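Notes follow the structure.
The values are calculated or read from the model by the stated rules, or taken from the named source; none is laboratory data. On a predicted model such as this, the values are computed, not experimentally measured, just so you know. Here the Cβ is made from the backbone with ideal geometry for all residues, glycine too, and neighbour counts use every protein chain on show.
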Amino acid sequence: MKKGVLIALSVLIVVVLVVTGIWWLKPKETGENPSNIIVSDAETRHFKALTLKNGLKVVLVSDPSAEKAAAAMNVFVGSWANPKDKQGLAHFLEHMLFLGTEKYPEADAYQQFIEKNGGSDNAYTSSENTLYHFDINAPALPEALDRFAQFFIAPLFDPVYSDRERNAVHSEYSASLQNDGRRIEDAIREVVNPNHPAAMLSVGTLDTLATDNMSDRLKQFYKEHYVSSRMALAIYAPQSMDQLETWVTENFSGIRDIDSNAPIYDQALLSPSQLPLLLEVEPRSELRQLNFRFPIEGTAKSIANRPENYVAHLLGHESTGSLLSELKSKGWAEQLSAGSYGLTESNTTFNVTIDLTPEGVENWEAIGELLFAQIELISNQGIQQWIFDEQQQINEIGFQFSEKVSAGQTATVLAERLRYYPMEKLLSGPFRMESFNPDQIKAVLKKLKPDNALIVLTHPSAKTTKLSQYYQTPYGVSDLPGNLLANWRSPTLETNLALPTPNPFIPSQLTVYPLEHEESGLFSANPQRVITEENITVWFEQDDKFKTPKVDVHILLETDFANQSALNSSATSLYLMLINDALNEVRYEASLAGSGYGISLVDNGLLIRLYGYQDKLQLLLDTLLLELAEHEINADRLAVKREEFLRNLRNADEEPVISQVVRRFNEWLISNTFSVEAKLEAVQQLTKAQLEESRVQWLTSSKLNVLIHGNLVKDDAIRWTNRINSIIPQQGSANVSRQLAKIPTRTFVDSIFIDHSDSAFLQYYQGENASLRERALYALLADMISAPYFTELRTKEQLGYIVMARPYPLDGHPGMVLYIQSPSTDPALLQLYSDRFLSRYRQTLQSLSDEEFNIFKEGLKTNLLEDDKNLYQLSSRYWNNIQDENYNFNSYRRIAHEVDQISLDGFKRFYENRVLADNVRSLSLHQIGKDMKADYKDHMESIVGLYPLEKPKQWPEDVSWVTPTFNNQ
């Protein structure tokens, strides 16, 4: 680490030692909050927790400033409740609730209504919970709640759809067959206690869900588990609290109430007679990982103090002297995490997961000894009041200055918490540990012993003797040698291991500064240029909306260096990996205290973003910039990070199919995307000298573009910028922008072969230009066809689990993407199905009324005009407008205005000309799944008018490359 970095950190430590109090200026008082739960001092929303007569737990949030409303229902049952003869039934039932109720029997009625009104919906099934959620334009909330409530009152379980939807569940299972996380868990499933529900498959397949009376089995499961006393509902909306309470009572009181408690699984997940046990797993990707799983009691039993979090804090710490720091110094590990699986009333596990280097695999036994040495150190010296107090201090600051997120996110989180936290602590509970209880901490540490461990060692050369049933994972099981256990039981106390010291990044000054400009209730100010020079442009805006002690900083070192070749791009990326590696300890401590940074290679240079409390952010910035400019490349760390980079590239072929298809798509459309093969070749030849030369080139060719937004005054912003420029002097001047391929007026096709059993079809429709009207038209098109496309091709035709239609702007240039992934249908046939839908949709448009069309328009406008929820979101919008060179900062508002101007007749003409005509600008990608080549060849003969492509960037001569610009044509 550079001397300058150490100086910066020493200043931080002095500040922490000198300042003994925490001070902050609360926002302007708005009167006492009437909520009946604990809220922060700055909270302006009204919360009300209540229980209906049928036992349903409810929390309501009234936020008059919200444009969107949301609801989430948590049902206290999950995959662990599956019958042994119907594995996946809980997950299957989750799917079925979307496919019609007695009051609204149409299979697509719910989703159509939600999406028509600018909303979205989804659900998930976990081990012990199933959660359903939606968001929607606020005026449509009453009808949405009526439809949503019927899920839990009178679902149809139509036998026609229950038979079909099994295919969707199987497709979801099939899509993840090559996912190493799922494959490892499948091997673990086979070694856990067979009497524990974790020994069953959770997702479900055609085989596990095969039965002649599926509707009856669904109704039986539903009747047993979907009862009001085992549910929790959260609603977020702008309407008054009295109105929300009326709607909840009217709509959800009809849920059945029977005397029923959520199941708690107290049986041993891993019985003592099984442990200790070594499980070796062979991954598909180049994954090397060591995972220790220690059975512990359910974490909800000690929710007030969360002792497992205290232990995880010390075991997972990344400062100097930590276990990870020591493992990295030996070249054995890259990352480490520690903790339980979250809140649960059932027995669970405490996990320590270590990502290994190849040398780490060779030394996994010694790594285990270091782990147990660290646990011993914590047990003997680490249970200290000051460590607890520091965590409490950080959490209290986090609670007082927690930021708003979307209505949907808020409802989902509150519904999850309602199961475990007392109602009055729904907001404060996750932040507050009530008291320091050494006995509870010791009880957790006593479980973290070698004799109570399942050790999962994953690496390409694993010793395997079995294949798991569902994911065909090669694995082997063996006992641990006695001498190894002896070493782990009495580990050699490594002298380099140490407990963390006080965190130097905890903010001590939390004052919100008075505004320099006059505050107005009519408008919010926008960023203004405070420095405009040849090589430096600085935008500044003092936050006048959220009034928190936080700052958001964007720093763009604008340069074309990385765009020039795969070698330049790879050199820059590898250097940034070294920077992040060198600053890992600093970054980790800052993140614990609520601040952090990200540094990434973007299309026009290097983007640094810092976010956090103003008090310590400049010191973090200094630390980062000094390292960026002066990093001394260590040969050993270079070798480790280069190998990590190469492994990530080699593992690209094991990414999800959709990720690989989109990567191929970007290689066709975007000028500065380079193939995995080109990057592999480049990274292998990079030397220390080349990296140092590359650093000089991109630093000296860059110019500075900065946005500083938040709790600062103008003079601070100028001072911060001068500091940036003193560390990294700016010498570049040229504007940099990547280019996009403007597709000629015909439909092209690229056939690809990913090593996966699923096929995939992606079709992209490209706009004529980057005008605001084009952006509005394509956004509206995708919004309108999303639900019916999903319903016809997934729900009715059962082509696959992943089916979607989405707007797909590239650098502001509008477009739309259609995507289908299927385990059973080749991509040519998927293309035919998709084309048929688009042709039929013409008739839907012809029968559409102006009133229905306007509902879609209003839904899109609400999404475009929705207020930013926090400083981070607002800064992101400011930055995107700066990159667009729209210095009125009103891109979304202007697009919304264009949406207003679209007539139904005009939209019909647009659809005919840009989707159905022969001369559309379109690119299709066909991923041909295993064993589908013959079908693909046959079906391709039925498709006319597709122009084949071979290799990315090799377009016909009439392609043009354009740079989208913000305009209002």
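Any residue at all in the stretch 725-748 that is surrounded by fewer than 22 Cβ atoms within 10 Å (Cβ to Cβ), closer than 30 Å to ALA629 by Cα and of a type in the set (D, E, K, R)?
yes
Please name all residue pairs, on different chains or six or more residues apart, with Cβ atoms under 6 Å, provided the first residue is in the stretch 602-629 and is over 25 Å from ASN563 (Cα atoms) and the second residue is of a type in the set (D, E, K, R) and surrounded by 21 or more Cβ atoms within 10 Å (Cβ to Cβ).
Cβ pairs passing all conditions: TYR611/ASP552; TYR613/LYS550.
Given the conditions (1) buried (at least 19 other Cβ atoms within 10 Å of the Cβ); (2) assigned to a helix (DSSP H, G or I); (3) more than 31 Å from the chain's Cα centre (by Cα), which single one is not true for PHE436?
(2)
State yes or no: is ILE555 at pLDDT 95 or above and in a strand (DSSP E or B)?
On the way: at pLDDT 95 or above: yes; in a strand (DSSP E or B): yes.
Here the answer is yes, as ILE555 does meet what is asked.
Within the stretch 50-75, restricting attention to residues that are farther than 30 Å from ASP867 by Cβ and out of contact with any His (no Cβ under 8 Å at 6 or more places or on another chain), which residue is surrounded by the most Cβ atoms within 10 Å (Cβ to Cβ)?
Step one: of the stretch 50-75, the residues farther than 30 Å from ASP867 by Cβ are 51-56, 75.
Narrowing further to those that are out of contact with any His (no Cβ under 8 Å at 6 or more places or on another chain): 51-56.
On the way: THR51: 13, LEU52: 19, LYS53: 9, ASN54: 16, GLY55: 16, LEU56: 24.
This residue is LEU56.
Kindly evaluate ALA571 against the criterion of being over 30 Å from SER329 (Cβ atoms), touching a residue at least 40 places away in the same chain (Cβ under 8 Å) and in a helix (DSSP H, G or I). Give the steps one after another, and end with the answer.
Values: over 30 Å from SER329 (Cβ atoms): no; touching a residue at least 40 places away in the same chain (Cβ under 8 Å): yes; in a helix (DSSP H, G or I): yes.
Criteria not met by ALA571.
Specify the residue that is surrounded by the fewest Cβ atoms within 10 Å (Cβ to Cβ); the eligible residues are those in the stretch 145-201 that are assigned to a helix (DSSP H, G or I) and without any contact (Cβ under 8 Å) to a residue 60 or more places away in the chain. Steps first, answer last, please.
First, the residues of the stretch 145-201 that are assigned to a helix (DSSP H, G or I): 145-150, 159-175, 180-189, 197-199.
If we keep only those that are without any contact (Cβ under 8 Å) to a residue 60 or more places away in the chain too, we end up with 147, 150, 159-160, 163, 181, 185, 199.
Numbers: ARG147: 19, GLN150: 22, PRO159: 13, VAL160: 13, ASP163: 12, GLY181: 10, GLU185: 18, ALA199: 17.
Restricting to residues being assigned to a helix (DSSP H, G or I) and without any contact (Cβ under 8 Å) to a residue 60 or more places away in the chain, the top hit is GLY181.
Among the candidates PRO948, PRO964, PRO952, which residue alone is under 24 Å from ASN666 (Cβ atoms), surrounded by fewer than 19 Cβ atoms within 10 Å (Cβ to Cβ) and not acidic (Asp, Glu)?
Numbers: PRO964 fails: surrounded by fewer than 19 Cβ atoms within 10 Å (Cβ to Cβ); PRO952 fails: surrounded by fewer than 19 Cβ atoms within 10 Å (Cβ to Cβ).
Answer to the check: PRO948.
From the set of residues in the stretch 612-636 that are at pLDDT 95 or above and acidic (Asp, Glu), which is surrounded by the fewest Cβ atoms within 10 Å (Cβ to Cβ)?
GLU632
Can you tell me which residue in the stretch 262-285 is farthest from THR458 (Cα to Cα), limited to those that are modelled with pLDDT of 95 or more and not in a loop (DSSP other than H, G, I, E, B)?
That would be LEU277.
Which of the residues spanning the stretch 71-96 are under 27 Å from the mean Cα position of the chain (by Cα), closer than 24 Å to ARG417 by Cα and of a type in the set (A, V, I, L, M)?
Those that are under 27 Å from the mean Cα position of the chain (by Cα), closer than 24 Å to ARG417 by Cα and of a type in the set (A, V, I, L, M): ALA71, ALA72, MET73, VAL75, VAL77, ALA90, LEU93.
Only one of (1) surrounded by fewer than 16 Cβ atoms within 10 Å (Cβ to Cβ); (2) in contact with a His (Cβ under 9 Å, 6 or more places away or on another chain) is not met by VAL706, so which one is it?
Going through the list (1) surrounded by fewer than 16 Cβ atoms within 10 Å (Cβ to Cβ); (2) in contact with a His (Cβ under 9 Å, 6 or more places away or on another chain), VAL706 breaks only (1).
Looking at ASP242, ASP259, which one is touching a residue at least 24 places away in the same chain (Cβ under 8 Å), surrounded by fewer than 19 Cβ atoms within 10 Å (Cβ to Cβ) and either in a loop (DSSP other than H, G, I, E, B) or of a type outside the set (Phe, Trp, Tyr) (or both)?
Details: ASP242 fails: touching a residue at least 24 places away in the same chain (Cβ under 8 Å).
So the residue among ASP242, ASP259 that is touching a residue at least 24 places away in the same chain (Cβ under 8 Å), surrounded by fewer than 19 Cβ atoms within 10 Å (Cβ to Cβ) and either in a loop (DSSP other than H, G, I, E, B) or of a type outside the set (Phe, Trp, Tyr) (or both) is ASP259.
Checking GLN374 against (1) of a type outside the set (Val, Ile, Thr); (2) in a helix (DSSP H, G or I); (3) out of contact with any helix residue (DSSP H, G or I) (no Cβ under 7 Å at 6 or more places or on another chain), which single condition isn't satisfied?
Checking GLN374 against (1) of a type outside the set (Val, Ile, Thr); (2) in a helix (DSSP H, G or I); (3) out of contact with any helix residue (DSSP H, G or I) (no Cβ under 7 Å at 6 or more places or on another chain), the one that fails is (3).
Which condition number does ARG642 fail, the rest of (1) in contact with a strand residue (DSSP E or B) (Cβ under 7 Å, 6 or more places away or on another chain); (2) crowded, with 17+ Cβ neighbours inside 10 Å being met?
The single condition ARG642 does not satisfy is (1).
Could you go through the stretch 464-484 and let me know if any residue there is in contact with a Lys or Arg (Cβ under 6 Å, 6 or more places away or on another chain), at pLDDT 95 or above, under 30 Å from LEU209 (Cα atoms) and not hydroxyl-bearing (Ser, Thr, Tyr). Steps first, please.
The first filter runs over the stretch 464-484 and keeps only residues in contact with a Lys or Arg (Cβ under 6 Å, 6 or more places away or on another chain), leaving 471, 473, 475-476.
Now drop any that are not at pLDDT 95 or above, which leaves 471, 473, 475-476.
With the extra rule that they be under 30 Å from LEU209 (Cα atoms), the set shrinks to 471, 473, 475-476.
With the extra rule that they be not hydroxyl-bearing (Ser, Thr, Tyr), the set shrinks to 476.
The answer is yes; a qualifying residue exists.
Which of the strands (runs of 3 or more DSSP E) found entirely inside the stretch 465-542 contain at least 2 residues meeting this: more than 30 Å from TYR173 (Cβ to Cβ), polar (S, T, N, Q) and outside the structural domain of LEU315 (by TED's automatic domain parsing)?
Details: elements: 474-478, 528-532, 536-542.
By residue number, 528-532, 536-542.
Can you spot a residue in the stretch 837-849 that is more than 30 Å from GLN178 (Cα to Cα) and under 30 Å from the mean Cα position of the chain (by Cα)? So that I can check it myself, show each step before the final result.
Quick first cut of the stretch 837-849, residues more than 30 Å from GLN178 (Cα to Cα) only: 837-849.
The next check asks that each one be under 30 Å from the mean Cα position of the chain (by Cα); those that pass are none.
So far as the stretch 837-849 goes, no, none of its residues is more than 30 Å from GLN178 (Cα to Cα) and under 30 Å from the mean Cα position of the chain (by Cα).
Taking the condition of being crowded, with 17+ Cβ neighbours inside 10 Å and under 31 Å from the mean Cα position of the chain (by Cα), how many residues in the stretch 526-564 meet it?
The total comes to 25.
Scan the stretch 413-433 for residues that are part of a loop (DSSP other than H, G, I, E, B) and either over 27 Å from the mean Cα position of the chain (by Cα) or at pLDDT below 95 (or both) and jot them down. Lay out the reasoning, then the answer.
Pass one, the stretch 413-433, residues part of a loop (DSSP other than H, G, I, E, B): 419-422, 426-428, 432-433.
Once the filter is applied, which keeps residues that are part of a loop (DSSP other than H, G, I, E, B) and either over 27 Å from the mean Cα position of the chain (by Cα) or at pLDDT below 95 (or both), the stretch 413-433 yields PRO422, ARG432, MET433.
Quick one: in the stretch 113-132, which of the residues that are acidic (Asp, Glu) and not in a strand (DSSP E or B) is nearest to ALA234 (Cα to Cα)?
Within the stretch 113-132, the subset acidic (Asp, Glu) is 115, 121, 128.
Okay, now just the ones that are also not in a strand (DSSP E or B), so 115, 128.
Details: GLU115: 20, GLU128: 18 Å.
Selected residue: GLU128.
Being at pLDDT below 95 and out of contact with any helix residue (DSSP H, G or I) (no Cβ under 8 Å at 6 or more places or on another chain) is the filter here, so list the residues in the stretch 560-583 that pass it.
ASP560, GLN564
One residue is enough: does the stretch 367-377 have a residue meeting the conditions at pLDDT below 95, surrounded by fewer than 23 Cβ atoms within 10 Å (Cβ to Cβ) and over 14 Å from ASN291 (Cα atoms)?
Applying the first criterion (at pLDDT below 95) to the stretch 367-377 yields none.
No, there is no match, as no residue in the stretch 367-377 is at pLDDT below 95, surrounded by fewer than 23 Cβ atoms within 10 Å (Cβ to Cβ) and over 14 Å from ASN291 (Cα atoms).
Can you give me the ranges of the helices (runs of 4 or more DSSP H) entirely in the stretch 754-867 with at least 1 residues that are touching a His at 6+ places or on another chain (Cβ under 8 Å) and of a type in the set (Gly, Ala, Ser)? Outline the logic, then answer.
Numbers: elements: 772-790, 827-847, 850-865.
Where helices (runs of 4 or more DSSP H) fall fully within the stretch 754-867 and carry at least 1 residues being touching a His at 6+ places or on another chain (Cβ under 8 Å) and of a type in the set (Gly, Ala, Ser), they are 827-847.
Tell me, please, whether a residue that is crowded, with 19+ Cβ neighbours inside 10 Å, at pLDDT 95 or above, of a type in the set (Val, Ile, Thr) and part of a helix (DSSP H, G or I) can be found in the stretch 311-321.
Yes, there is a match, as at least one residue in the stretch 311-321 is crowded, with 19+ Cβ neighbours inside 10 Å, at pLDDT 95 or above, of a type in the set (Val, Ile, Thr) and part of a helix (DSSP H, G or I).
Contact list please: Cβ distance under 8 Å, first residue in the stretch 846-873 and in the same structural domain as ARG893 (by TED's automatic domain parsing) and within 24 Å of ARG909 (Cβ to Cβ), second residue β-branched (Val, Ile, Thr) and part of a helix (DSSP H, G or I), pairs at least six apart or on different chains.
LYS857/VAL899; LEU860/VAL899; LYS861/VAL899; LEU864/ILE895; LEU864/VAL899
Condition check ((1) within 27 Å of PHE966 (Cα to Cα); (2) outside the structural domain of TYR613 (by TED's automatic domain parsing)) across all residues:
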residue	(1), (2)
LEU704	yes, no
HIS709	yes, no
VAL713	no, no
TRP720	no, no
GLY732	yes, yes
ASN735	yes, yes
THR745	yes, yes
ASP750	no, yes
